[in-house]
Amino acid sequence: MSSERIESYISGQWSAGSGPGVPLLNPTTEAEVGRAETGGIDLAAGLAFARREGGRALRSLTFAERAALIGQMSTALHKVREELIDTSVENGGCTRGDAKFDIDGAIGTLAAYAELGKTLGDARILADGEGIQLGRSPRFWGQHVYTPKTGVAVFVNAFNFPAWGFAEKAACALLAGMPVVCKPATATALTAYRMFKALVNAEVAPKGALSFVGGAPRDLLDHLEVQDVLAFTGSASTGQTLRAQKHLIEKSIPINVEADSLNAAVLGPDVELGSDAMSLFLREVSKDMTQKTGQKCTATRRIFVPEARVQDVIAEMSARLAEIKIGDPALTEVGMGPLATRQQLEDVRAGVKRLREDGEVVFGDADAALNPVGGTAGKGFFHPILLYRAKNSAAARWVHSHEVFGPVATICPYSGDPNEAAELVGLGRGSLVASIYSDDKSFIERAAIGIAPWTGRVYIGGAKVFDHTMGPGTVLPLSVHGGPGRAGGGEELGGMRGVMHYMQRTALQGYRPIVESISGQKG
Ligand code: NAP
């Protein structure tokens, strides 16, 4: 397999950086599959080009026209879906199922925003709420409106979703009327690069609307201006570094941070073995632990189980997890591939040691030799699946403070009281999603209301939705994605809510017919 040089698409053209480049590996074989280099590329000029050419072109389009463009992007990606899936297997260590989760997630999210944008018709700005009488008579009128920001939307993305991570941000920004610059994580940038090649080749977007930084960001963020928006997904530490950048603070540049998250699953005391709610719980928690080798920002890390059910849950979960074959993700019988990078492997190993202080391993063996199916001995960033049981759920230190970004989770016994469950969930100091599995309305209501302030999304699973849900791990375009505290305090998607991050809200005040004419409410 040859190594592909990853270029950047800046100022409307592809440029290879000068320098040796950073190697991108196949995490199964450790063979080099690509090299990324941004040295010598004028990123400041690229930002200026995007603002000038891309921004102007996009703002001249109506919402419906922008939506059509987003729909064409979805179609263009669908045409190269198989190539992108193969690339995710090769550069991301993803099984085909994992790869589809990312690629189809990207295609579907773009398609969903194309549909949403169509409903906004030929407007270019949006009215926010109803008009308001501001003076003694209705002559002096007020109306809030949203207009597209005139800068560029820069996305700095994590390694685990090279396709969807771009699409979920780009759909919102493009619909708002902002050009976008995508900087994927370098380690898995090959998928993002091939995705971008397809988009550029399809010629769906005006010049300057789409730009791509294929490698290190270098001075990219130093050139952000007041009308720009930065959207970051990645580790909490990088998020904090970016947030603290003097230049961004001085210019009040909005930064949306999607960071790490100790997502929780809460099993209600009413849930019996053999029930639909229990089956859903076991299915979703074991899927979350192993899908994308646990490298999913929404994956369940803490599993709160009533004390009386703990042994049953350990037995049932263990039986499911034991069936998952670890190995070369290109093989159909393999259910879980390697971690994406050597650094990831080292981080997970370090995290697993920390979790040992809080409890015992009840499934898996961190120290046993792994023989990955179809793998080469001694090669690849493979890690076993580990299930822990906390000694003391409330007193556990690392379980509630350290995200082990791999196929690892901890069962935390609790009394079955919904208030206690909410308090324990809150020990994670903010998450992207928390799930409740129960058919008891009273338990669900109390748990959901207690948990909601700690999380961006509460997923309620039970018998009534057994066949109707994709589980808490799937981010849906019409629901918000993000969370308070540890999760970064950001918010994306959620239909039009995500679009508003790329628009400025302004209160118009004046003579009513003029205000209403500007805001598009009257002809
Ligand atoms: P990371 O190491 O923080 O890197 C994220 C991105 O930041 C990469 O593109 C990286 O570029 C870039 N970066 C690093 N330092 C930078 C700097 N000083 N200036 C500008 N950019 C910089 O995170 P990761 O390991 O890729 O991702 C794993 C983490 O992401 C996990 O904690 C996970 O929970 C979180 N995550 C959250 C969500 C969510 O939606 N909340 C989704 C997915 C992942 P290089 O790769 O070139 O270094």
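The values are calculated or read from the model by the stated rules, or taken from the named source; none is laboratory data. From a predicted model like this one, the values you see are computed outputs, not experimental measurements. Cβ atoms come from the backbone with ideal geometry, glycine included; neighbour counts cover every protein chain shown. Ligands, DNA and RNA are excluded from the accessible area calculation, which covers all protein heavy atoms including side chains. Shrake-Rupley method; radii C 1.70, N 1.55, O 1.52, S 1.80 Å.
Computed values, structure above
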item: Distance (nanometres) between label positions extended 7 Å along Cα→Cβ at residue 369 and residue 401; result: 3.8 nm
item: Å² of accessible area per residue within the range 263-476, as computed with a 1.4 Å probe and no ligands counted; result: 40 Å²
item: Between 0 and 90°, nearest 10: helix 276-290 axis offset from the chain longest Cα axis; result: 80 degrees
item: Farthest toward positive dipole pole in the chain [+1 Lys/Arg, -1 Asp/Glu at C-beta], among 184, 348, 401; result: 184
item: Beta bridge orientation in the range 263-476: antiparallel %, DSSP, nearest 5; result: 15 percent
item: Under the Karplus curve 6.51 cos²θ - 1.76 cosθ + 1.60, θ = phi - 60°, whole-Hz ³J(HN,Hα) for the range 188-203, x wherever Gly or Pro sits; result: 10, 6, 4, 5, 5, 5, 5, 5, 5, 4, 5, 5, 5, 4, 6, 6
item: Spin-label model distance (nm) - residue 518 vs residue 115, 7 Å beyond Cα toward Cβ; result: 3.5 nm
item: The chain: relative contact order as a whole-number percent, Cα under 8 Å and 6+ apart; result: 18 percent
item: Where Rh is the Kirkwood radius over Cα pairs, Rg/Rh for the range 263-476; result: 0.96
item: Neighbour cut-off at most 15 other Cβ (10 Å), DSSP loop, chymotrypsin sites (Phe, Trp or Tyr not before Pro), the range 170-229; result: none
item: Extension gain (nm, one decimal) between residue 356 and residue 478, 0.36 nm per residue minus Cα-Cα; result: 40.1 nm
item: The chain - charge dipole about Cα centre, Lys and Arg +1 at Cβ, Asp and Glu -1, debye rounded to 20; result: 1600 debye
item: Cα convex hull of the chain, projected area averaged across orientations, nm²; result: 25.3 nm²
item: Pairs from 100/287; 197/246; 100/353; 287/325; 149/169 whose Cα-Cα separation, in the structure shown, is over 23 Å; result: 197/246; 100/353
item: Whole-Å distance, taken between Cα centres, linking the range 443-501 and the range 110-162; result: 22 Å
item: Under the Debye formula (equal points on every Cα, no solvent term), log10 I(q)/I(0) of the range 425-501 at q = 0.16, 0.23, 0.27 Å⁻¹; result: -0.61, -1.09, -1.24
item: Of the chymotrypsin sites (Phe, Trp or Tyr not before Pro) in the range 389-485, those whose Cβ has at most 15 other Cβ within 10 Å and which sit in DSSP loop; result: 466
item: Label point distance in nm, residue 506-residue 62, each placed 7 Å from Cα along Cα→Cβ; result: 2.2 nm
item: Bridge type composition, the chain - antiparallel percent by DSSP, nearest 5; result: 40 percent
item: The range 165-192 and the range 311-343: distance between their alpha carbon centers, rounded to Å; result: 30 Å
item: Where GluC sites (Glu not before Pro) fall in DSSP loop in the range 276-358, at most 16 other Cβ within 10 Å; result: 323, 333
item: Degrees separating the helix 441-451 axis from the principal Cα axis of the chain, which is the longest one; result: 70 degrees
item: Between helix 164-176 and the chain: long-axis angle, C-alpha atoms, 0 to 90°, nearest 10; result: 20 degrees
